[in-house]
Amino acid sequence: MTDFAIHTAPFSVLVTNHSNKLTAALAELYPAELITNPNPQLIYDFCLHVQRKWAGWGRPFHVSSGDQHFRMTDSAQLVPVFEWGVNWCVASYQHQFLAIHAAVLERGGKALIMPAPPGSGKSTLCAVLMQEGWRLLSDEMCLVDLTSGAIVPYVRPVSLKNQSLALLQGRYPQAQIRQITSGTTKGTVGYMLPSTLSWSGMQQTATAAWVIFPQYNAAQQQLTLSKVSQADAFMHLANNSFNYAVLAEQGFHSLSRLTQQVDAYRLEYACIEQALSELNKLC
């Protein structure tokens, strides 16, 4: 067993692990100081178990948290399943922040929030903006401080899928995209390392300024950017939140404050260059 802990502020995860391959793979994705041996004196936010279901080296792994099953996987797909498992823990079990399924980046102290369902191009656009100098807070999880309303970073590698991998590799050959895995339930998945600016700012909050609801559409003739009303923005953000209902009154007040302090837009695009140009003008 090669148990370890991974500390990506604001959360720490204890991992009960039966795979040396997973340990080596994560060392390619995270700074060495964020992966440590377990410390029995620490209280961890989450615990993930990565265990062989049956004896034998060719047998699949069971990924779970406590007695809650997450997924079975073979060794070749352990990295994406582990990353998805961490997302699952945060989405399901933490309620100290309002959590919204969104990419978040910062420039000049102001946060751009991009909530969107899978297939919208959210992570691709997020990766492009990071490569263009924005600071990554998260490609998956917008965490809102319930007291101050500040946007709290949760910096981890950016998950890219299928055509996005080739697009980013072609556009930014210097970008570090690692642990590319084919044949997953989401197709081919790879991980772009956060920029040095993003890792160094992982404790630095930002003030929400813009909400963009992106939608990639290959058939889109012309980019469209349309204003979204405060009421519609509230509803869309609530629908994309993992724990708005659980937080009840706290969630309502936190989301109300957020929608009052941002300008919200819907962005539909086919050309990443046009989308980037429009966002640079807007933000």
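Filter the range 35-51 down to residues that are under 22 Å from residue 77 (Cα atoms) and under 18 Å from the mean Cα position of the chain (by Cα) and give me whichever is surrounded by the most Cβ atoms within 10 Å (Cβ to Cβ). Within the range 35-51, the match that is surrounded by the most Cβ atoms within 10 Å (Cβ to Cβ) is 48. In summary, strands (runs of 3 or more DSSP E) completely within the range 58-135 and bearing 2 or more residues that are free of Cβ contacts under 8 Å to residues at least 24 places away in the same chain occur at 61-65, 68-73. One residue stands out among those in the range 176-193 that are touching a strand residue (DSSP E or B) at 6+ places or on another chain (Cβ under 6 Å) and free of Cβ contacts under 8 Å to residues at least 60 places away in the same chain: the one that is surrounded by the fewest Cβ atoms within 10 Å (Cβ to Cβ), which is 182.
Restricting to the range 6-34, and then to whatever is in a helix (DSSP H, G or I) and of a type in the set (Gly, Ala, Ser), can you tell me which residue is surrounded by the fewest Cβ atoms within 10 Å (Cβ to Cβ)? Here the answer is 32. The lone criterion from (1) modelled with pLDDT of 95 or more; (2) over 17 Å from residue 141 (Cβ atoms) left unmet by residue 103 is number (2).
Within the range 141-153, can you find the residues that are surrounded by fewer than 23 Cβ atoms within 10 Å (Cβ to Cβ) and outside any strand (DSSP E or B)? Correct list: 146, 147, 148, 149, 150.
Output the residues belonging to the range 91-110 that are aliphatic (A, V, I, L, M) and surrounded by fewer than 24 Cβ atoms within 10 Å (Cβ to Cβ).
Keep residues of the range 91-110 that are aliphatic (A, V, I, L, M), which gives 91, 98-100, 102-105.
91 - this is the single residue of the range 91-110 that is aliphatic (A, V, I, L, M) and surrounded by fewer than 24 Cβ atoms within 10 Å (Cβ to Cβ).
Each residue in the range 35-52 was checked for being in contact (Cβ under 8 Å) with a residue 24 or more places away in the chain, over 23 Å from residue 71 (Cα atoms) and assigned to a loop (DSSP other than H, G, I, E, B), and 4 pass.
The values are calculated or read from the model by the stated rules, or taken from the named source; none is laboratory data. The shown structure was predicted, so the numbers you read here are calculated from the model rather than taken from an experiment. Neighbour counts are summed over all protein chains in view; Cβ atoms, including those assigned to glycine, are modelled from backbone coordinates with ideal geometry.
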